[in-house]
Amino acid sequence: MIDGTIVVATRGGSQPWLTGTGFASGDAGESWFGRTVPETIPERTSVCVPGLPDRCYRIVPGRLKVEESRDGRWVTAWEVSPGDQAWLARAYDPEHPEGTGVVASLGIAVQKLPGGHVVVVANGADGIALRDVSGTWHRLGWVEGKGFASTAAPSLTSPGRYEDSIHTIALSAAFAAGVVALGCGVRRFGFFVAALALWAGVSSFRSGTDTAILFNPFSVLLGIALMSAGAGGMIMSAVRGEAPLRTWVIGTATAVVTYYAIMTPFRAWSAGWLDSSSSAFNLSTVLGIATVCAGVFAVVRLGASRRDPR
């Protein structure tokens, strides 16, 4: 607070060398305007409401978290879970890394107003947290040159906030799961060799189309050839191994279910049902392995029933 006005110091965004810059609000955080900030502005980690010494707030070092005094003890007033805080730290992938601050609560201020008070918490790269007069907390992201706005704060429940590579990993694992399940029914070495050729063809085709130029004709043609040879080899091996239709059904179902078993925990995390990406990773690993084992067990049991003379 400076002269009764909420003031938040910033580092200049794409121009981090600009010190002494900041934004101020005279209407409880509804709007913001640029203001020069003294370089010696104190950073408070705790503050009390003027005239109410028993109503105080404090930040928790290293966390996006605020506590308030209530009935003689400190209780959580607002927080972002550790898992979501770790995701936010990765979400700010700046064009100018030198201008990025930590994602944690760094300072706090309170302003008494008619009908209540507002609390402002400086959260580093994540902007600010604002408690309005009604007691509701909001995350406001930084809009360079304009101040802060709720629309600029990354959502903690954004669909698909996991990395795009998760899809590729899930598809690769699903393909491998289907091949293992089918292979246990076919039981021919050539089947697995053909599967590797198919996978190499897919990789070559993708690398040939994912280039700065239109495409790489050599990689694309090689990929098409390997995919054709691999798919044909798998079919021929399955026919020679006299794999029944049920084996194909189980193998295909294993691949499909494995994909969704891996993706579901990450989608649950993106919806806010799981706290951290590590929890999603661990759960997807367990579910993926369980699905593969179930598919292999089903194929092996099918093979045993075929050999049973009864």
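Within the range 212-229, track down each residue that is in contact with a Gly (Cβ under 6 Å, 6 or more places away or on another chain) and within 14 Å of Ala194 (Cα to Cα).
Of everything in the range 212-229, those that are in contact with a Gly (Cβ under 6 Å, 6 or more places away or on another chain) and within 14 Å of Ala194 (Cα to Cα) turn out to be Gly223, Leu226, Met227.
Does the range 85-108 include one or more residues that are among the hydroxyl-bearing types (Ser, Thr, Tyr), at pLDDT below 90 and assigned to a loop (DSSP other than H, G, I, E, B)?
Yes, some residue in the range 85-108 is among the hydroxyl-bearing types (Ser, Thr, Tyr), at pLDDT below 90 and assigned to a loop (DSSP other than H, G, I, E, B).
Please count how many residues of the range 275-292 are polar (S, T, N, Q), over 14 Å from the mean Cα position of the chain (by Cα) and open to solvent by 40 Å² or more (accessible area, probe 1.4 Å).
2
Name every residue in the range 217-254 that is hydrophobic (A, V, I, L, M, F, W, C) and closer than 16 Å to Arg187 by Cβ, in order of residue number.
Across the range 217-254, the qualifying residues are Met234, Ile235, Met236, Ala238, Val239, Ala243, Trp248, Ile250.
Test Gly22 against the criterion of being open to solvent by less than 20 Å² (accessible area, probe 1.4 Å), assigned to a loop (DSSP other than H, G, I, E, B) and either at pLDDT 85 or above or within 20 Å of Lys146 (Cβ to Cβ) (or both), and give yes or no.
no
Within the group Ala304, Ala268, Ala294, which residue is modelled with pLDDT of 90 or more and not in a loop (DSSP other than H, G, I, E, B)?
Result of the check over Ala304, Ala268, Ala294: Ala294.
Tell me, which strands (runs of 3 or more DSSP E) lie completely within the range 115-200 with 2 or more residues that are touching a residue at least 12 places away in the same chain (Cβ under 8 Å) and of a type in the set (Val, Ile, Thr)?
Strands (runs of 3 or more DSSP E) meeting the threshold: 116-122.
Determine whether the range 163-184 contains at least one residue that is open to solvent by less than 60 Å² (accessible area, probe 1.4 Å) and under 30 Å from Ala77 (Cα atoms).
No, because not a single residue in the range 163-184 is open to solvent by less than 60 Å² (accessible area, probe 1.4 Å) and under 30 Å from Ala77 (Cα atoms).
Within the range 239-274, work out how many residues are buried (at least 16 other Cβ atoms within 10 Å of the Cβ) and either touching a Pro at 6+ places or on another chain (Cβ under 9 Å) or of a type in the set (A, V, I, L, M) (or both).
Number of matching residues: 11.
Just wondering, is there one or more residues in the range 240-248 that are among the acidic types (Asp, Glu) and more than 30 Å from Val80 (Cβ to Cβ)?
yes
The values are calculated or read from the model by the stated rules, or taken from the named source; none is laboratory data. Quick caveat, the model's predicted, so the values are computed rather than measured. Don't worry about glycine lacking a Cβ; one is built from the backbone with ideal geometry, like all the others, and counts go over all protein chains shown. What goes into the accessible areas is simple: the full protein's heavy atoms, side chains included, and nothing from ligands, DNA or RNA. Shrake-Rupley method; radii C 1.70, N 1.55, O 1.52, S 1.80 Å.
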